[in-house]
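Colleague: Below is one structure. I have some questions about it.
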Amino acid sequence: MKRAACIEDLRKIARRRIPKMFFDYVDGASWTESTHISNNAELAKIRFRQRVAVDVSNRTARTSLLGESTRLPLAVAPTGLTGVIWPNGEIQAMKACETVGIPYCLSTVSIASLEKVANAASKGFWFQLYVIRDRDFIERLIRRAEVAGVETLVVTLDLQMVGQRNKDIHNGLSSPPKPTLANILDVMRRPAWCYEMLHHRNMRFGNLEGHVMGLDSRKGLAEWTNQQFDPTLSWEDVKRLRDRWKGKLILKGILSPEDARIAADLGADAIVVSNHGGRQLDGAPATIEVLPSIVRELNDSCEIFIDGGFTSGQDVFRAIAYGAQGVMIGRAMLYGLGAGGQAGVEKALGMIINELETTMGLCGVTTISEIGPHNIYGTPTLGEVE
């Protein structure tokens, strides 16, 4: 890992280390994966305006997100099954975020429970909520988040049903893996992963196990999701959550100005422009494509974060130039985690910081607040794809 120079290097290391079932869960997307591919491709099209003879010796990517000082405009997105990428993966990732100085968001479908992560944390973290059919469980989960000291709740709106993720179907994704011959042979080819996971013996959903009816870890994740996640979820439910939750509220999964406006009017402190990393509606636009129209619609009504294809500091720069206040990363963190646990996540975040601050210097800016449309070629005014 010492010679890894970029996130792609960490991805290659993680691919060698992690069983195929779990690597494909991280790396894959839905149907043809066209939206996942588009996320990366559209970001790559954005060109920078290089500037010279500007004193950039004191540049810094430090900023704030929702009033919290951060080392750069970045937060780690909620990612399910993080604890099977590396033992105690959620705790490893959280500690890396604490060390670097950015927010960490724990997923509802994490391996480590809220309580376990809170016991290991030295500061607050964000918690992501999926709304399932059992609303009594949701209320209990919110109470647990409050007791754990969570002050920021991230409600995901775009997973009322799971997108068709062909790789997960082919692999029969489950946690722990089903003891099929293919899975046994695959795990045997990853002896370090196998040893560590057998030593820790924790591959079940910590926030759900013993708390929600109908959970059977022998089921595929998609099967359980389709049974338990609630397609009746509406803006009225979101309003009730806003009224119920006294802390900061982020609404994740926004792709249109209309939905962004509703979210802001309901009192969201921030939204996340997100297509779930291309893992839900294949054929949806890249998030960077729709960002400008959402920025114009909200006009500073709330903070705007974005995810989907962001794997470098240059990508973070592009998002800020297009009007976002912050970026959330999922895969980039998981590649680092898979490559080397907490040290791997810190390595990934360090790469992004260096890439962002280098790009700032070459574009002639010294602070995040100076970044804007003037730093890129072409004004981002197209908004949604017609």
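The values are calculated or read from the model by the stated rules, or taken from the named source; none is laboratory data. What you see is a predicted model; the values in this text were computed from it and never measured. For neighbour counting, all protein chains shown are included, and Cβ atoms are generated from backbone atoms with ideal geometry for every residue, glycine included.
Colleague: Give the stretch 47-65 a look and list any residue that's free of Cβ contacts under 8 Å to residues at least 40 places away in the same chain and closer than 16 Å to GLY323 by Cα, or say none.
Modeller: Listed by number, the list holds a single entry, SER64.
Colleague: Here is a list: GLU68, GLU42. Which entry is touching a residue at least 12 places away in the same chain (Cβ under 8 Å) and under 23 Å from THR367 (Cα atoms)? If you could, list the steps in order and put the result at the bottom.
Modeller: Details: GLU42 fails: under 23 Å from THR367 (Cα atoms).
Step by step, each of GLU68, GLU42 is checked, and only GLU68 is touching a residue at least 12 places away in the same chain (Cβ under 8 Å) and under 23 Å from THR367 (Cα atoms).
Colleague: Related question: Among the numbered conditions (1) surrounded by fewer than 16 Cβ atoms within 10 Å (Cβ to Cβ); (2) out of contact with any Asp or Glu (no Cβ under 9 Å at 6 or more places or on another chain), tell me where ARG135 comes up short.
Modeller: Only one criterion in (1) surrounded by fewer than 16 Cβ atoms within 10 Å (Cβ to Cβ); (2) out of contact with any Asp or Glu (no Cβ under 9 Å at 6 or more places or on another chain) is unmet by ARG135, namely (2).
Colleague: Further question: Out of the stretch 94-141, which residues are closer than 21 Å to PRO176 by Cβ and among the charged types (D, E, K, R)?
Modeller: Once the filter is applied, which keeps residues that are closer than 21 Å to PRO176 by Cβ and among the charged types (D, E, K, R), the stretch 94-141 yields only LYS116.
Okay, residues lined up against (1) buried (at least 16 other Cβ atoms within 10 Å of the Cβ); (2) part of a loop (DSSP other than H, G, I, E, B); (3) of a type in the set (Asp, Glu):
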{"position": "MET1", "(1), (2), (3)": "no, yes, no"}
{"position": "ALA5", "(1), (2), (3)": "no, yes, no"}
{"position": "ASP9", "(1), (2), (3)": "yes, no, yes"}
{"position": "ILE13", "(1), (2), (3)": "yes, no, no"}
{"position": "ALA29", "(1), (2), (3)": "yes, yes, no"}
{"position": "LEU43", "(1), (2), (3)": "yes, no, no"}
{"position": "ARG51", "(1), (2), (3)": "no, yes, no"}
{"position": "THR60", "(1), (2), (3)": "no, yes, no"}
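Colleague: Here is a further query. Of all residues being farther than 19 Å from MET351 by Cβ and aliphatic (A, V, I, L, M) in the stretch 62-93, which is surrounded by the fewest Cβ atoms within 10 Å (Cβ to Cβ)? Just the residue, please.
Modeller: Looking at residues that are farther than 19 Å from MET351 by Cβ and aliphatic (A, V, I, L, M), I get LEU66.
Colleague: Given the structure, is ALA29 among the small types (Gly, Ala, Ser), closer than 27 Å to GLN164 by Cβ and under 17 Å from the mean Cα position of the chain (by Cα)? Give the derivation first.
Modeller: Numbers: among the small types (Gly, Ala, Ser): yes; closer than 27 Å to GLN164 by Cβ: yes; under 17 Å from the mean Cα position of the chain (by Cα): yes.
Considered against the rule, which asks whether it is among the small types (Gly, Ala, Ser), closer than 27 Å to GLN164 by Cβ and under 17 Å from the mean Cα position of the chain (by Cα), ALA29 comes out as yes.
Colleague: Which of the following residues is more than 29 Å from LYS167 (Cβ to Cβ), buried (at least 24 other Cβ atoms within 10 Å of the Cβ) and either in contact with a helix residue (DSSP H, G or I) (Cβ under 7 Å, 6 or more places away or on another chain) or aliphatic (A, V, I, L, M) (or both): PHE310, PHE317?
Modeller: On the way: PHE310 fails: more than 29 Å from LYS167 (Cβ to Cβ).
Result of the check over PHE310, PHE317: PHE317.
Colleague: Looking only at the stretch 62-78, filter to residues that are closer than 17 Å to SER274 by Cβ and part of a loop (DSSP other than H, G, I, E, B); which one of those is farthest from the chain's Cα centre (by Cα)? Write out each step before concluding.
Modeller: Start the filter on the stretch 62-78 by keeping residues that are closer than 17 Å to SER274 by Cβ, which leaves 65-66, 73-78.
Narrowing the set further to residues that are part of a loop (DSSP other than H, G, I, E, B) leaves 66, 73, 77-78.
Numbers: LEU66: 17, PRO73: 14, ALA77: 2, PRO78: 5 Å.
Here the residue is LEU66.
Colleague: Among the residues of the stretch 175-187, is any surrounded by 17 or more Cβ atoms within 10 Å (Cβ to Cβ), on the phi < 0 side of the Ramachandran plot and touching a Leu at 6+ places or on another chain (Cβ under 7 Å)?
Modeller: yes
Colleague: Might you check whether a residue that is surrounded by fewer than 20 Cβ atoms within 10 Å (Cβ to Cβ), touching a Pro at 6+ places or on another chain (Cβ under 8 Å) and either assigned to a helix (DSSP H, G or I) or at pLDDT below 95 (or both) occurs anywhere in the stretch 113-120?
Modeller: Checking the stretch 113-120: not a single residue is surrounded by fewer than 20 Cβ atoms within 10 Å (Cβ to Cβ), touching a Pro at 6+ places or on another chain (Cβ under 8 Å) and either assigned to a helix (DSSP H, G or I) or at pLDDT below 95 (or both).
Colleague: Output the residue which, of all residues in the stretch 138-151 that are part of a loop (DSSP other than H, G, I, E, B) and among the hydrophobic types (A, V, I, L, M, F, W, C), is surrounded by the fewest Cβ atoms within 10 Å (Cβ to Cβ).
Modeller: Let us first name the residues in the stretch 138-151 that are part of a loop (DSSP other than H, G, I, E, B), namely 148-151.
Of the ones still in play, those that are also among the hydrophobic types (A, V, I, L, M, F, W, C) are 148, 150.
Working: ALA148: 19, VAL150: 24.
Residue satisfying both the conditions and the ranking: ALA148.
Colleague: Out of all the residues in the stretch 32-41, which are within 15 Å of ASN166 (Cβ to Cβ) and buried (at least 23 other Cβ atoms within 10 Å of the Cβ)? Show your work before the answer.
Modeller: Within the stretch 32-41, the first condition is being within 15 Å of ASN166 (Cβ to Cβ), and the residues that meet it are 32-37.
Correct list: THR35, HIS36.
Colleague: Something else: What are the residues in the stretch 84-108 that are assigned to a loop (DSSP other than H, G, I, E, B) and touching a strand residue (DSSP E or B) at 6+ places or on another chain (Cβ under 9 Å), if any? Spell out the reasoning first.
Modeller: To start, the set of residues in the stretch 84-108 that are assigned to a loop (DSSP other than H, G, I, E, B) comprises 85-88, 101-103, 107-108.
Hits for the stretch 84-108 are GLY101, ILE102, PRO103, SER107, THR108.
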